[in-house]
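Heads up: the structure comes next, in C-alpha cells.
The values are calculated or read from the model by the stated rules, or taken from the named source; none is laboratory data. A quick note: this is a predicted structure, and the numbers were derived from the prediction, not measured. Virtual Cβ from ideal backbone geometry, glycine too; neighbours counted across all protein chains shown.
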Amino acid sequence: MKVTMSAQKIIIALATFNRPLVTGVCLESLQAVRSESVRLVVYDDTSSAYDKAYLQTKADEVIRFGRNGGIERSRARAMRDFVHRFTEYDLLYLTDNDTVHDPEFVEVLRMLFDFQAKSAHVFPVGLFRSVFHGSPENVISQNEVFLIQKTCPGVSQCYTRDMVIRMVDYLDRNPDMETLYGWDYHWPAILGVPFLQTYTSYLEHFARDRHEGGMHSQNSGTGSDALVDFERDRALNPTPYLQFVRAPIIAEIMGNPPGEV
C-alpha cells in the first residue's frame, strides 16, 4: 500500500559544531516537532563547546565524530545513514545549528511533497529564502507562493528517498565530490532537477555566536560591527513567528538585556 505524504516519516539531520548559544536556541526550536514519525539526528563535528551527553538530551540520536571533518562529511554521513540505517523513513531534511525553525515547517514539507506527487516531476524542497542566495541568476521562475531555483541554501534542503539514494550512489562512485566545497550546489546537481523553494521562509539563519563566527559571518564579539552578520544572510519574507522571535534571539546571542538588540 502506498504511504500518503501526510503520513511520511522524516529524518531531520542537524549538523552541529560549537557555537553553544545559537545551538541551544536551534535545538529548542526543534523539540516540538519530534515525534514517532519525525526523528532528530544530530551529527556533531567534534565540538568542544558542549559534549555528546548534552546533545543527547535534545535529540533522538547523536553521531559524534572522532575528529573534525567539515560540513561535507556530516552531510555525506547523514545521507548514507538515511539510505542504509533509517530505511523506514521517507524524507531527509538537512539543516544546521545556526537556524531557528517555525513550528509549522514539518507540515509544510509534507504538504509540498504531497502537492508535487500529483504532478509529473518531484523536486527537492527548500524552506529558506535568503538575501545571499536570492540572486536573479539562481531563479528560474517564481510567483507569490513558490520559486523554482537552480539550487538553494544548505541550511534547508529536503529530499525523497530516491533522491538520496541517487546522490549517495554518485558520491560512492566519485569520492572526490564528497569533500568538494559548495556541496549544497554540486551534490543536488547530480539529480538534474531544480529546487522547489517556498516564497515564505520557514526558518531564520543567525550565522554566528557571541564570540564565534561561521562561514557566513565576517565578525566576532559584540563590537560595533556585530550585527552585520545577522543581516548578511537573513530570511526573506519570514513567517510571523520568526519575525517575533528574531530580535530576542539576537539579543540572547549578543548578551544584551531583554528587549535590546
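Does Ala235 satisfy being surrounded by 14 or more Cβ atoms within 10 Å (Cβ to Cβ), over 18 Å from Asp102 (Cβ atoms) and either without any contact (Cβ under 8 Å) to a residue 12 or more places away in the chain or among the hydrophobic types (A, V, I, L, M, F, W, C) (or both)? It is false that Ala235 is surrounded by 14 or more Cβ atoms within 10 Å (Cβ to Cβ), over 18 Å from Asp102 (Cβ atoms) and either without any contact (Cβ under 8 Å) to a residue 12 or more places away in the chain or among the hydrophobic types (A, V, I, L, M, F, W, C) (or both). Remark: Asp114 matches the filter, which requires a residue to be charged (D, E, K, R), more than 30 Å from Gly255 (Cα to Cα) and in contact with a helix residue (DSSP H, G or I) (Cβ under 7 Å, 6 or more places away or on another chain).
From the residues in segment 69-98 that are free of Cβ contacts under 8 Å to residues at least 12 places away in the same chain and assigned to a loop (DSSP other than H, G, I, E, B), which one is farthest from Ser48 (Cα to Cα)? Here the answer is Thr87. The number of residues in segment 143-162 being touching a residue at least 40 places away in the same chain (Cβ under 8 Å) and part of a helix (DSSP H, G or I) comes to 1.
Per-residue answers, yes or no, for (1) surrounded by 13 or more Cβ atoms within 10 Å (Cβ to Cβ); (2) more than 25 Å from Val25 (Cα to Cα); (3) within 17 Å of the chain's Cα centre (by Cα):
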| residue | (1), (2), (3) |
| --- | --- |
| Asn138 | yes, yes, no |
| Phe146 | yes, yes, no |
| Asp162 | no, yes, no |
| Pro188 | yes, yes, yes |
| Thr198 | yes, no, yes |
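Take His133 and tell me if it is in a loop (DSSP other than H, G, I, E, B) and over 24 Å from Leu40 (Cα atoms). It is true that His133 is in a loop (DSSP other than H, G, I, E, B) and over 24 Å from Leu40 (Cα atoms). Here the condition is being in contact with a Cys (Cβ under 8 Å, 6 or more places away or on another chain) and among the hydrophobic types (A, V, I, L, M, F, W, C); of Phe128, Phe115, Phe132, it holds for Phe128 alone. Scanning for something among the aliphatic types (A, V, I, L, M), modelled with pLDDT of 95 or more and more than 19 Å from Phe86 (Cα to Cα), does segment 34-41 turn up at least one residue? There is no residue in segment 34-41 that is among the aliphatic types (A, V, I, L, M), modelled with pLDDT of 95 or more and more than 19 Å from Phe86 (Cα to Cα). Do you know which of the residues in segment 200-230 that are at pLDDT below 85 and among the aliphatic types (A, V, I, L, M) is nearest to Leu30 (Cα to Cα)? Going through the qualifying residues, I end up with Met215. Please specify each residue of segment 118-143 satisfying the condition of being under 21 Å from Leu94 (Cβ atoms) and either polar (S, T, N, Q) or modelled with pLDDT of 90 or more (or both). Correct list: Val122, Phe123, Pro124, Val125, Gly126, Leu127, Phe128, Arg129, Ser130, Asn138.
Here the condition is being over 29 Å from Ala117 (Cβ atoms) and among the aromatic types (Phe, Trp, Tyr); of Phe82, Phe65, Phe86, it holds for Phe65 alone. For segment 169-176, the criterion of being part of a loop (DSSP other than H, G, I, E, B) and among the basic types (Lys, Arg) is met by none of the residues. Would you check if there is a residue in segment 113-123 being assigned to a helix (DSSP H, G or I), hydrophobic (A, V, I, L, M, F, W, C), under 28 Å from Ala76 (Cβ atoms) and touching a strand residue (DSSP E or B) at 6+ places or on another chain (Cβ under 9 Å)? Checking segment 113-123: at least one residue is assigned to a helix (DSSP H, G or I), hydrophobic (A, V, I, L, M, F, W, C), under 28 Å from Ala76 (Cβ atoms) and touching a strand residue (DSSP E or B) at 6+ places or on another chain (Cβ under 9 Å). Looking only at residues of segment 212-230 that are assigned to a helix (DSSP H, G or I) and free of Cβ contacts under 8 Å to residues at least 24 places away in the same chain, we find that the one that is nearest to the chain's Cα centre (by Cα) is Asp229. The lone criterion from (1) modelled with pLDDT of 90 or more; (2) in a loop (DSSP other than H, G, I, E, B) left unmet by His186 is number (2).
Among what's in segment 200-220 and is in contact with a helix residue (DSSP H, G or I) (Cβ under 7 Å, 6 or more places away or on another chain) and among the acidic types (Asp, Glu), pick the residue that is surrounded by the fewest Cβ atoms within 10 Å (Cβ to Cβ). Filtering segment 200-220 for residues that are in contact with a helix residue (DSSP H, G or I) (Cβ under 7 Å, 6 or more places away or on another chain) and among the acidic types (Asp, Glu), the one surrounded by the fewest Cβ atoms within 10 Å (Cβ to Cβ) comes out as Asp209.
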